[in-house]
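Visitor: Let me give you the structure first, and then I'll get to my questions.
The values are calculated or read from the model by the stated rules, or taken from the named source; none is laboratory data. Since this is a predicted model, take the numbers as computed values, not measurements. Every residue, glycine among them, receives a Cβ derived from its backbone with ideal geometry; neighbour counts consider all protein chains shown. Note: accessible area is taken over every heavy atom of the protein model, side chains too, but ligands, DNA and RNA are not part of it. Shrake-Rupley method; radii C 1.70, N 1.55, O 1.52, S 1.80 Å.
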2 protein chains.
Amino acid sequence: MRLTRAGEYGIRCVLHLARHGKGALVSRKEIAVRTDVPPHFLAKIAQQLSRAGIIEILQGANGGYRLLTDPSGITLLAVIEAIIGEISLNDCVGRPESCQNSTLCTVHRVWNKANQQLRATLQETNFATLASEEACCLTPFPETGDHKRPNGKK
Amino acid sequence: MRLTRAGEYGIRCVLHLARHGKGALVSRKEIAVRTDVPPHFLAKIAQQLSRAGIIEILQGANGGYRLLTDPSGITLLAVIEAIIGEISLNDCVGRPESCQNSTLCTVHRVWNKANQQLRATLQETNFATLASEEACCLTPFPETGDHKRPNGKK
DNA sequence: TCTATATAAGACTAAATATATCTTATATAT
DNA sequence: ATATATAAGATATATTTAGTCTTATATAGA
């Protein structure tokens, strides 16, 4: 498991849409600017959210994105997994062939427990709650628009 | 957070040592073969475990590694964080300057909660327990010794 | 129907990270 | 002294992630 930039951006996107409520159409450009996500990158993320049934994409002039369901029915888990796939903390790298019986492996049991807990926690949170509170990952106003990679670590 | 190969290898290494008990000296070569970890890579990992005070490294002829403390006092969390640093699910990428007040941000609160849970779960597990049970990540007998990257996904 | 505007989709580039190896140096038992 | 074992850092390679660019498609409105 790793919350990639794409996953983070997906959360921002849905959070922004959630503040407009279910069905409200918001242009990709507005979302991109307000959430500080590169427009083309946002397009990809939106496609994944669309395939997951979370948003609807409207093409053409005056197009944009909108939530298909009420924010209260959209969990943090659903959004994240729409982007990065099902969360799994333990990749069981190196020796997958011998890991079929992972119920026998004590190490994997721990990882699996942790994994379940993590997914449960993320599932408890919905975007109605998130949108009603403060978030530091949405800009109140347009930004400079530069998207050089920060070289922050980890 | 991501359990890298190095982290996985670190667990295997300590698990193998734990089966020999505190203070028992095991050569790097033996560990490398039995845990299927490239010897030079193991050396690096061992250095991190050593700096973390988990193992002691003995140089010279008949050298090797050994646990400094009883396996029951070594947690899964300690080993993992010795290798990959403190676990953090949320990198808060993109906008670290505005994330100082993460207590205000509802999204971060969720991540932080999940993060605490995860670390707690990994801390509950010690290597005496792990070593007493079956594990699928240790080979009973020496392997071929080839270390091509598996191209398994995710 | 034409034009402007908006997104779709995939190729492509660049950067960061992870993984593994190689070389030279150092320590220790015999 | 010598053989054996690990230390430490440089280097190479692969993979993944992040972001951009180009061409195609869809829609509203003149």
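Visitor: Test B:Val37 against the stated conditions and say whether it is within 12 Å of chain A (Cβ to nearest Cβ), closer than 30 Å to B:Leu89 by Cβ, surrounded by 22 or more Cβ atoms within 10 Å (Cβ to Cβ) and touching a His at 6+ places or on another chain (Cβ under 9 Å).
Guide: When the stated conditions are applied, B:Val37 passes them.
Visitor: Do you know which residues across segment A:23-42 are more than 11 Å from DNA strand C (Cβ to nearest atom) and among the basic types (Lys, Arg)?
Guide: If the condition is that a residue be more than 11 Å from DNA strand C (Cβ to nearest atom) and among the basic types (Lys, Arg), then A:Arg34 is the only one that fits.
Visitor: Please specify each residue of segment A:63-90 satisfying the condition of being out of contact with any Asp or Glu (no Cβ under 7 Å at 6 or more places or on another chain) and among the β-branched types (Val, Ile, Thr).
Guide: A:Thr69, A:Ile74, A:Thr75, A:Val79, A:Ile80, A:Ile83, A:Ile84 - these are the residues of segment A:63-90 that are out of contact with any Asp or Glu (no Cβ under 7 Å at 6 or more places or on another chain) and among the β-branched types (Val, Ile, Thr).
Visitor: Kindly check whether there is at least one residue in segment A:43-50 that is within 14 Å of chain B (Cβ to nearest Cβ) and either open to solvent by 10 Å² or more (accessible area, probe 1.4 Å) or free of Cβ contacts under 8 Å to residues at least 40 places away in the same chain (or both).
Guide: There is at least one residue in segment A:43-50 that is within 14 Å of chain B (Cβ to nearest Cβ) and either open to solvent by 10 Å² or more (accessible area, probe 1.4 Å) or free of Cβ contacts under 8 Å to residues at least 40 places away in the same chain (or both).
Visitor: Considering only residues of segment B:64-79 that are farther than 11 Å from B:Ile54 by Cα and open to solvent by less than 50 Å² (accessible area, probe 1.4 Å), which is farthest from the other protein chains (Cβ to nearest Cβ)?
Guide: Taking the candidates together, the pick is B:Gly64.
Visitor: Looking at (1) over 17 Å from A:Gly85 (Cβ atoms); (2) within 13 Å of DNA strand C (Cβ to nearest atom); (3) at pLDDT 95 or above, which is the only condition A:Leu49 fails?
Guide: A:Leu49 satisfies all of (1) over 17 Å from A:Gly85 (Cβ atoms); (2) within 13 Å of DNA strand C (Cβ to nearest atom); (3) at pLDDT 95 or above except (1).
Visitor: Something else now. Quick check: anything in segment A:7-20 of a type in the set (Ser, Thr, Tyr) and open to solvent by 40 Å² or more (accessible area, probe 1.4 Å)?
Guide: Taking every residue of segment A:7-20 in turn, none turns out to be of a type in the set (Ser, Thr, Tyr) and open to solvent by 40 Å² or more (accessible area, probe 1.4 Å).
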